[in-house]
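The values are calculated or read from the model by the stated rules, or taken from the named source; none is laboratory data. Since we're looking at a predicted model, the values are computed, not measured. Here the Cβ positions follow ideal geometry from the backbone for every residue, glycine too, while neighbour counts run over all protein chains shown.
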Amino acid sequence: MSRIIEHPGTVLYIRNGVARIKITQYSACSGCHARSVCILSDCSEKTIDIPYTASALQAGDSVTITGSEQIGNKAVRLAFLYPSVIVFIALFAVFYYTENELAAGITALAALIPYYITLYFFRNILKKRLVFSIKQPE
């Protein structure tokens, strides 16, 4: 059974059946009492487009975004794990055959180009599979 991930957000706008939601992500140490003086504390604002056709929400409303843990895991694999594996394989393979660090480094980075081009072409499929939903306000 998959757990549900919830994240608070604010509706920026709703157009053409898509709600754009702004969420604020905090670093793992956001609960620390010394975060105001620490240079490591970090937060960033992200926007997420979610299919939404109801008329109950308006811009500025607070909402909760929900998604399954599986969606988060899949997104992490696509964004971090697979590119890392590609870089390491290319780096070690090229260095093993050429013993040239510069060539190995450039090739490892260049190996990501086809990966991200492939993701770009499959973006519509990924949008359908990596879907979050809006928890209706009570």
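Side notes on the structure shown:
- Selection from the range 72-83 of residues that are surrounded by 12 or more Cβ atoms within 10 Å (Cβ to Cβ), free of Cβ contacts under 8 Å to residues at least 12 places away in the same chain and not charged (D, E, K, R): ASN73
- Taking the listed residues GLU69, GLU99, the one that is touching a residue at least 12 places away in the same chain (Cβ under 8 Å), farther than 19 Å from ARG20 by Cα and not small (Gly, Ala, Ser) is GLU69, with no other qualifying.
- Residue, surrounded by the most Cβ atoms within 10 Å (Cβ to Cβ), within the range 40-50, restricted to residues that are of a type outside the set (Asp, Glu) and in contact with a Lys or Arg (Cβ under 9 Å, 6 or more places away or on another chain): ILE50
- Condition broken by VAL131, with the remaining ones in (1) in a helix (DSSP H, G or I); (2) under 26 Å from ILE23 (Cα atoms); (3) among the aliphatic types (A, V, I, L, M) satisfied: (1)
- Search result, residues across the range 99-138 that are more than 30 Å from THR10 (Cα to Cα) and small (Gly, Ala, Ser): ALA103, ALA104, GLY105, ALA108, ALA110, ALA111
- Flag if LEU91 is in contact (Cβ under 8 Å) with a residue 12 or more places away in the chain, over 25 Å from ASN124 (Cβ atoms) and among the aliphatic types (A, V, I, L, M): yes
- Criterion violated by ALA59 - all others in (1) of a type in the set (A, V, I, L, M); (2) exposed (fewer than 15 other Cβ atoms within 10 Å of the Cβ); (3) farther than 30 Å from VAL18 by Cα satisfied: (3)
- LEU126 passes every criterion in (1) loosely packed, with under 13 Cβ neighbours inside 10 Å; (2) within 30 Å of ILE48 (Cα to Cα) apart from (1).
- Set ALA19, ALA90, ALA103: member being at pLDDT 90 or above and surrounded by 15 or more Cβ atoms within 10 Å (Cβ to Cβ): ALA90
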